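Novice: Have a look at this one before I ask anything.
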Amino acid sequence: MQDFVHPVDILLEEHRKISRHISNFSDLLEHPGEWEAAIRNAIQLINHDFVQHERREDILVTELERMMGAKMGPLEMVEKEHRQLDSLRKRFNKALEKIDLSQVQGDDPRILELLEIGNRLVWAKKSHFFKDERFLFAAARGALGAEKLREIAWQMEAI
Ligand SMILES: [Fe+2]
Ligand SMILES: [Fe+2]
């Protein structure tokens, strides 16, 4: 019996948790009166939950790349999406800088822009999970031995 949570299971649990928050965020978007809450929710998701998840996932990516030497096609594709998600996050934060959160008004184009980028980003993230699971996690389950998995799990828990 292994005495640690498999790193892939740690990440899968985060995918499930984040997916639930993404659905909540989308529900808030349907009611302009809730947009301030939606923005706060998006900030938490994008600048906290996503970042923490990505830092944990990176440990796995780095380890797999080290093992497999050169870049492997499917991993490269996963990483390409990580970079695209990163650049959307930068755009979200740029749009956020222009906004006073204590004065959120539904007809303000800056608010609409922020919510549009936020919405695009969280759904891109959700659909990205499929690639993580199909390529990255599948490779990790097959390639890494128990010792290495334990080490990775400890590093993830420390984040
Ligand atoms: Fe992921
Ligand atoms: Fe990912």
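Novice: Suppose every Lys and Arg Cβ carries +1 and every Asp and Glu Cβ carries -1, with no other charges. What dipole size does the stretch 7-157 come out with about its Cα centre, to the nearest 20 debye?
Specialist: Using Cβ point charges on Lys, Arg, Asp and Glu, the stretch 7-157 gives about 400 debye.
Novice: Summing Lys, Arg as +1 and Asp, Glu as -1, what charge do residues with Cβ under 13 Å from the Cβ of GLU113 carry, GLU113 excluded?
Specialist: Taking every other residue near GLU113 into account, the sum is +1.
Novice: Within 10 Å of each candidate Cβ there may be at most 16 other Cβ atoms; applying that plus a DSSP loop requirement, which trypsin sites (Lys or Arg not before Pro) in the stretch 1-87 survive? List each step's numbers first, then the result.
Specialist: Numbers: sites: ARG16, LYS17, ARG20, ARG40, ARG55, ARG56, ARG66, LYS71, LYS80, ARG83; in loops: LYS71.
Within the stretch 1-87, the qualifying trypsin sites (Lys or Arg not before Pro) (loop, at most 16 other Cβ atoms within 10 Å) are LYS71.
Novice: Right, another one. Relative to the longest principal Cα axis of the chain, at what angle does helix 7-29 sit, 0 to 90 degrees, rounded to 10?
Specialist: 10 degrees
Novice: With θ set to phi - 60° and the Karplus curve 6.51 cos²θ - 1.76 cosθ + 1.60, what are the ³J(HN,Hα) couplings of the stretch 100-117 in order, to the nearest whole Hz, using x for Gly and Pro?
Specialist: With the stated coefficients, the stretch 100-117 comes to 9, 5, 7, 10, 8, 10, x, 9, 7, x, 5, 5, 4, 5, 4, 5, 5, 5 Hz.
Novice: Next question, about the same structure. Over the stretch 7-157, what is the relative contact order in percent, taking alpha-carbon pairs closer than 8 angstrom and at least six residues apart?
Specialist: Relative contact order comes out at 38 percent.
Novice: Moving to a separate point now. Name the most mobile residue of ASP100, ASP58, ASP86, meaning the one with the largest mean-square fluctuation, in a Gaussian network model of the chain with Cα contacts below 10 Å.
Specialist: Taking springs between Cα atoms under 10 Å, the residue moving most is ASP100.
Novice: Please determine, in degrees from 0 to 90 and to the nearest 10, the orientation of helix 146-157 with respect to the longest principal axis defined by the Cα atoms of the chain, where the helix direction is its Cα long axis.
Specialist: It is inclined by approximately 20 degrees.
Novice: Still on this structure: In nm², what is the average projected area of the convex hull enclosing the Cα atoms of the chain?
Specialist: Averaged projected area of the chain's Cα convex hull equals 10.0 nm².
Novice: Which whole-Hz ³J(HN,Hα) couplings does the stretch 40-47 yield from phi under the Karplus relation 6.51 cos²θ - 1.76 cosθ + 1.60, θ = phi - 60°, glycine and proline marked x?
Specialist: 4, 4, 5, 4, 4, 4, 6, 9
A short reminder: the numbers here are calculations on the coordinates, not readings from a lab. Since the structure is predicted, the reported quantities are computational estimates derived from the model, not experimental observations. Please note: Cβ atoms are built from the backbone with ideal geometry, for glycine as well, and neighbour counts cover all protein chains shown.
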